[in-house]
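See below for the structure under consideration.
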Amino acid sequence: MNKASLILLLLAVFNISFAYQEVVDTTTTEDKKHILDSLYLTGAKGFSQIFMQNSIILGRATIASQTEGLLIYEISVDGNGKVAMRFMTKVSDEIESAVTSIIVNSANNWINIGRPYKLYKPLVFSLGTYQVNQIMGALNEFPSKFELPFMRSSTHSVIRGTSVRTRTTIERKPGDIRSNKQIAREMGEQLRRERMMNQPTPRYPNVDGATMKEYNKELKKFENFMKKGKSKKAYFSLNKIIRYNPFNKSYIQQRRRLEKELGKDEYRVYDILWLQAMDYIASAQNKKP
């Protein structure tokens with residue numbers, strides 16, 4: 001006769017927390033707050049939950065890449081309801097792969113309204129230094145607020161803290177063939193998710209002005225590399241600058257020239273699409289109602 005057994009697990013959890021924050025500020029107008037209610041099957045709330053529920057996946061991708069920046073992707077729905085989603089900017093391969101796995105399942109939720117429309121979703125990825133609210137409006141080309149066709153931005157931050165050891169006892173039910181190691185792993189994941197959902201709005205570890213300080217520091221490095229003819233180092237420095245600020249067209253065009261010089265092709269498609277998209281966005285925002 002199989003008996004249920006008790007397993008005592010000592011779990012080290014939450015030494016790194018993955019925080020999700022949807023920016024709520026002057027960029028949120030009533031029109032934008034509710035536009036997804038008419039364009040997305042589960043409305044604005046359902047769309048927001050896609051990223052909130054996957055903060056652990058996105059946080060791990062941020063850690064794996066050790067990269068910060070602003071990712072923007074486009075949702076395009078044609079007059080027949082066909083949906084296409086394309087990345088306009090790139091932060092890292094790891095982050096792009098994680099975002100792809102999340103948004104691909106949402107494609108069928110976009111509503112066909114009988115005419116084409118486009119929306120752009122900004123996703124902020126931070127290891128503690130990059131905070132988009134510190135750079136918005138600080139640079140002439142960077143929007144002071146995300147207006148339509150942009151959606152509300154979402155921030156995914158990795159906040160490092162101390163390990164918390166949790167002692168828990170669980171009951172192994174008859175027929176449960178999982179190993180103790182597997183049970184411990186699954187329990188740890190559950191505890192992390194519960195803590196993440198219940199934690200307050202995160203207080204980011206960086207000080208005011210840290211984002212612009214880092215941005216200006218990288219900009220000086222880039223300019224020095226260019227003066228010294230160190231194109232390869234200038235290229236990598238410029239990539240970081242654009243991750244922080246993808247709205248400067250001259251930097252993107254400079255990257256196109258550097259990629260041609262260095263025989264690289266990593267950002268060509270992104271840069272071409274994003275330059276075209278910025279023209280479309282400017283036209284849409286300047287269009288009179």
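The values are calculated or read from the model by the stated rules, or taken from the named source; none is laboratory data. Just so it is clear, the model here is predicted, and its values are computed rather than measured. A quick note on method: Cβ atoms are made from the backbone with ideal geometry, for glycine too, and the neighbour counts reach across all protein chains shown. For accessibility, only protein heavy atoms count, side chains too; no ligands or nucleic acids. Shrake-Rupley method; radii C 1.70, N 1.55, O 1.52, S 1.80 Å.
Bridging of Lys181 to lysines at a Cα separation below 19 Å is possible for Lys173, once same-chain residues fewer than 8 apart are set aside.
Only protein atoms count toward the accessible area here, which uses a 1.4 Å probe; on the range 239-289, the carbon and sulfur part of that area reaches 48 percent.
Here the spin labels are modelled as points 7 Å beyond Cα on the Cα-Cβ line, and at Lys118 and Gln276 they lie 0.8 nm apart. The lysines within cross-link reach of Lys145, meaning a Cα-to-Cα straight distance under 25 Å and a gap of 8 or more places when in the same chain, are Lys32, Lys33, Lys45, Lys90, Lys118, Lys121, Lys213, Lys217, Lys240, Lys249, Lys287, Lys288. Grouping the Cα pair distances of the range 53-141 into 10 Å bins from zero gives a pair-distance distribution of 15, 42, 29, 14, 1 percent in increasing distance order.
Determine, from the Cβ-Cβ distance of Arg256 and Arg86 and an R0 of 22 Å, the FRET efficiency 1/(1 + (r/R0)^6), rounded to the nearest 0.05. Efficiency at R0 = 22 Å is approximately 0.75. Model label sites at Lys181 and Glu266, defined 7 Å from Cα along the beta-carbon direction, differ in position by 3.5 nm.
A crude spin-label estimate for the pair Asn108 and Met52, with each label 7 Å from Cα along the Cβ direction, gives 2.4 nm. With the convex hull of the Cα atoms taken as the outline of the range 215-255, the averaged projected area works out to 2.4 nm². Solvent exposure of the range 25-149, expressed per residue, is 44 Å² of accessible area, with all protein chains present and a 1.4 angstrom probe.
Carbon-plus-sulfur accessible fraction, the range 102-147 (probe radius 1.4 Å, protein heavy atoms only): 41%.
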